[in-house]
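Participant: Submitted below is the structure of interest, expressed as structure tokens.
The values are calculated or read from the model by the stated rules, or taken from the named source; none is laboratory data. The shown structure was predicted, so the numbers you read here are calculated from the model rather than taken from an experiment. A quick note on method: Cβ atoms are made from the backbone with ideal geometry, for glycine too, and the neighbour counts reach across all protein chains shown. Side chains are part of the model used for accessible areas, which takes the heavy atoms of the whole protein and leaves out ligands, DNA and RNA. Shrake-Rupley method; radii C 1.70, N 1.55, O 1.52, S 1.80 Å.
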Amino acid sequence: MRNNIVVFGKGGIGKSTISANLSTVYARQGLKVLHIGCDPKHDSTLGLVDGGLIETFMEKYSRVFGVRDRAQLKPGDLLVRGRLGIDCVEAGGPEPGVGCAGRGISLMLEALQDLGMLESGGYDARIFDVLGDVVCGGFAAPLRKGFAEKIVIVVSEEMMALYAANNIAKSVKTYASNGVYLAGLVANLKDGVEGRERIERFASILGTRVLEYVPRDAAVREAEYARERTVVERSPNSAFVRSLESLAKKLLAVRREDCPIPKPMDDRRFYADW
Ligand code: ADP
Ligand code: MG
């Protein structure tokens with residue numbers, strides 16, 4: 001099993017926070033981790049490496065790879081080694097308003113695949129952090145290309161977060177024959193416990209489950225303001241980190257046979273019910 005874990009969800013929902021801390025939990029347990037930022041915002045690895053934002057795949061692409069045969073690329077050309085030995089890469093994207101962000105994601109994934117890093121490369125877990133409120137082939141690339149495995153959708157109780165989750169579930173259903181499955185939802189609620197019943201109902205309509213309720217925790221913002229440290233490193237005993245340790249364990253244990261193909265709603269039903 002490859003443990004290719006793909007974290008989807010609408011912008012601002014907490015994907016990068018959750019995926020970077022998940023990578024850190026695994027690395028601290030001694031697993032060899034590859035962390036792949038697939039959001040043009042390219043801040044997924046910010047907390048994982050010293051020295052601020054790393055050069056993105058797209059920046060390197062125009063600077064280096066353009067003049068070099070892709071077949072000659074080596075993993076070291078693409079990766080930045082983070083703290084705890086986490087290997088990091090960020091797709092990046094074009095300047096806002098120019099070009100297609102999805103294309104950068106597809107190019108990066110193809111390059112990683114050419115190097116065998118999405119199948120083997122000595123990794124025990126790969127964490128993909130993918131924007132999911134855009135209907136775009138590029139963002140579905142990890143599903144389409146057949147190396148994604150365990151899909152996690154981060155949601156809150158807000159309608160647009162659930163709308164995005166419903167759309168992502170449609171993509172998971174479309175690409176189920178590629179071995180992709182919906183491991184479950186992660187509820188990162190805005191209002192503590194208020195939205196729980198709503199999320200549970202949403203999960204049961206989709207035929208999935210809530211893997212974990214992640215608490216709102218001031219330790220998250222403290223780590224963010226301090227820069228260059230994950231919550232796991234700064235506040236290992238916080239409620240947030242406890243929930244991520246629990247999530248990390250469940251994600252390693254989850255099996256495809258426990259995860260039915262999701263049953264997303266069509267848009268009319270979604271808007272009528274939600
Ligand atoms: P995304 O990657 O989905 O766009 P981020 O991970 O960047 O979202 O999170 C958006 C903002 O919400 C960040 O400022 C982050 O610190 C904050 N945040 C996310 N989850 C929590 C939480 N559980 N508790 C407190 N703040 C959080
Ligand atoms: Mg992000």
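Participant: So is ARG216 of a type in the set (D, E, K, R) and away from ligand 2 (no atom under 16 Å from the Cβ) or not?
Facilitator: On the way: of a type in the set (D, E, K, R): yes; away from ligand 2 (no atom under 16 Å from the Cβ): yes.
In short, yes.
Participant: Further, regarding this structure: Which residue is nearest to ASP87 (Cα to Cα), if the candidates are limited to the range 1-28 and must be within 11 Å of ligand 1 (Cβ to nearest atom) and touching a Lys or Arg at 6+ places or on another chain (Cβ under 6 Å)? Walk me through it before giving the result.
Facilitator: Going residue by residue through the range 1-28, those that are within 11 Å of ligand 1 (Cβ to nearest atom) are 7-21.
Filter once more, so that each one left must be touching a Lys or Arg at 6+ places or on another chain (Cβ under 6 Å): 7, 9.
Details: VAL7: 17, GLY9: 23 Å.
The qualifying residue nearest to ASP87 (Cα to Cα) is VAL7.
Participant: Okay, next question. Among the residues of the range 1-12, write down those that are more than 12 Å from ligand 2 (Cβ to nearest atom) and either without any contact (Cβ under 8 Å) to a residue 12 or more places away in the chain or within 13 Å of the chain's Cα centre (by Cα) (or both).
Facilitator: Of all residues in the range 1-12, those more than 12 Å from ligand 2 (Cβ to nearest atom) come to 1-6.
Across the range 1-12, the qualifying residues are ASN3, ASN4, ILE5, VAL6.
Participant: So which helices (runs of 4 or more DSSP H) stay within the range 212-274 end to end and still have 2 or more residues that are surrounded by 16 or more Cβ atoms within 10 Å (Cβ to Cβ)?
Facilitator: Values: elements: 218-226, 231-234, 239-253, 267-273.
So the answer is 218-226, 231-234, 239-253.
Participant: List the residue pairs whose Cβ atoms are under 8 Å apart, where the first residue sits in the range 236-252 and is without any contact (Cβ under 8 Å) to a residue 24 or more places away in the chain, the second is more than 16 Å from ligand 2 (Cβ to nearest atom) and not in a helix (DSSP H, G or I), and the two are 6 or more positions apart or on different chains.
Facilitator: SER238/ASP217
Participant: Name the residues in the range 104-129 that are in contact with a Pro (Cβ under 6 Å, 6 or more places away or on another chain) and crowded, with 24+ Cβ neighbours inside 10 Å, would you?
Facilitator: Of everything in the range 104-129, just one residue is in contact with a Pro (Cβ under 6 Å, 6 or more places away or on another chain) and crowded, with 24+ Cβ neighbours inside 10 Å, namely PHE128.
Participant: Taking the range 184-206 on its own, how many of its residues are touching a residue at least 40 places away in the same chain (Cβ under 8 Å) and closer than 19 Å to VAL220 by Cβ?
Facilitator: As a first pass, look at the range 184-206 and keep what is touching a residue at least 40 places away in the same chain (Cβ under 8 Å): 184, 186, 188, 198-199, 202, 205-206.
Right, trim to closer than 19 Å to VAL220 by Cβ and you get 186, 188.
Of the residues in the range 184-206, 2 are touching a residue at least 40 places away in the same chain (Cβ under 8 Å) and closer than 19 Å to VAL220 by Cβ.
Participant: Any idea which of LEU31, LEU48 is within 16 Å of ligand 1 (Cβ to nearest atom) and either surrounded by 24 or more Cβ atoms within 10 Å (Cβ to Cβ) or assigned to a loop (DSSP other than H, G, I, E, B) (or both)?
Facilitator: The conditions single out LEU48.
Participant: Only residues that are within 16 Å of ligand 2 (Cβ to nearest atom) and either open to solvent by 40 Å² or more (accessible area, probe 1.4 Å) or of a type outside the set (D, E, K, R) (or both): list them for the range 13-28, please. Quick ask: steps written out before the conclusion?
Facilitator: First pass over the range 13-28, keeping only residues within 16 Å of ligand 2 (Cβ to nearest atom): 13-24.
Residues satisfying the conditions are ILE13, GLY14, SER16, THR17, ILE18, SER19, ALA20, ASN21, LEU22, SER23, THR24.
Participant: Which residues, counting only those in the range 174-200, are among the charged types (D, E, K, R) and either modelled with pLDDT under 95 or within 16 Å of ligand 2 (Cβ to nearest atom) (or both)? Steps first, answer last, please.
Facilitator: Here is the first cut: in the range 174-200, the residues among the charged types (D, E, K, R) are 190-191, 194, 196-198, 200.
Answer for the range 174-200, where residues must be among the charged types (D, E, K, R) and either modelled with pLDDT under 95 or within 16 Å of ligand 2 (Cβ to nearest atom) (or both): LYS190, ASP191, GLU194, ARG196, GLU197, ARG198.
Participant: Still on this structure: Counting residues that are more than 12 Å from ASN4 (Cβ to Cβ) and among the aromatic types (Phe, Trp, Tyr), which helices (runs of 4 or more DSSP H) fully inside the range 99-190 reach at least 2?
Facilitator: Because the criterion is at least 2 residues that are more than 12 Å from ASN4 (Cβ to Cβ) and among the aromatic types (Phe, Trp, Tyr), no helices (runs of 4 or more DSSP H) in the range 99-190 meet it.
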